[in-house]
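A single structure is presented below for examination.
The values are calculated or read from the model by the stated rules, or taken from the named source; none is laboratory data. Computed from a predicted model, the values in this text were never measured in an experiment. All Cβ positions, even for glycine, are placed from backbone atoms using ideal geometry, and neighbour counts span all protein chains on display.
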Amino acid sequence: MTNIFVGNLSYATTENELETAFGEYGAVEKVSVVRDRDTGQSRGFAFVEMTNSAEANEAINALNGREVNGRALNVNEARAREARGPGGGGGGGGFGGGRGAGGGGGRGNGGGSGGGGGRGPRREPRW
């Protein structure tokens, strides 16, 4: 199975249109237009899975640069996503942070580098 990235999509382009276009070159397993979580609007790119890699390569060569809904498609084989570590990542700093590599400055409430970015226990401000 070959996963294909399709970029520079018009926001109006649908899964059915892509399935029809790629279906001219072979069996299409799945089409996913990536959408904004909040609005549901297309983000302008999609992924197409084709069962046969030779047919997928033929589709990539034929459809890259083809105009669909007024936009020239950017079509290539999808690259595997880089593995991301666990957790939400970075946020360092926080309240009292930013004092060198460890954040926090010894007060017990700075973020630190690469942690969860939490503030630690809430305390009354010292005015």
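Looking only at region 1-33, count how many residues are surrounded by fewer than 15 Cβ atoms within 10 Å (Cβ to Cβ) and of a type in the set (A, V, I, L, M).
Qualifying residue count, region 1-33: 3.
Can you name the residue in region 20-43 that is over 16 Å from the mean Cα position of the chain (by Cα) and assigned to a strand (DSSP E or B) and, of all such residues, is nearest to I60 (Cα to Cα)?
V28
Another question, then. State whether one or more residues within region 63-86 are assigned to a loop (DSSP other than H, G, I, E, B), among the hydrophobic types (A, V, I, L, M, F, W, C) and either modelled with pLDDT of 95 or more or surrounded by 12 or more Cβ atoms within 10 Å (Cβ to Cβ) (or both).
As a first pass, look at region 63-86 and keep what is assigned to a loop (DSSP other than H, G, I, E, B): 64-66, 69-70, 73, 78-86.
Adding the requirement that they be among the hydrophobic types (A, V, I, L, M, F, W, C) leaves 73, 78, 80, 83.
Add one more test, that the residue is either modelled with pLDDT of 95 or more or surrounded by 12 or more Cβ atoms within 10 Å (Cβ to Cβ) (or both), and what stays is 73, 78.
Looking through region 63-86, at least one residue is assigned to a loop (DSSP other than H, G, I, E, B), among the hydrophobic types (A, V, I, L, M, F, W, C) and either modelled with pLDDT of 95 or more or surrounded by 12 or more Cβ atoms within 10 Å (Cβ to Cβ) (or both).
Take region 52-83 and flag every residue that is farther than 16 Å from S10 by Cβ and touching a residue at least 60 places away in the same chain (Cβ under 8 Å).
Within region 52-83, N76, E77, A78, R79 qualify.
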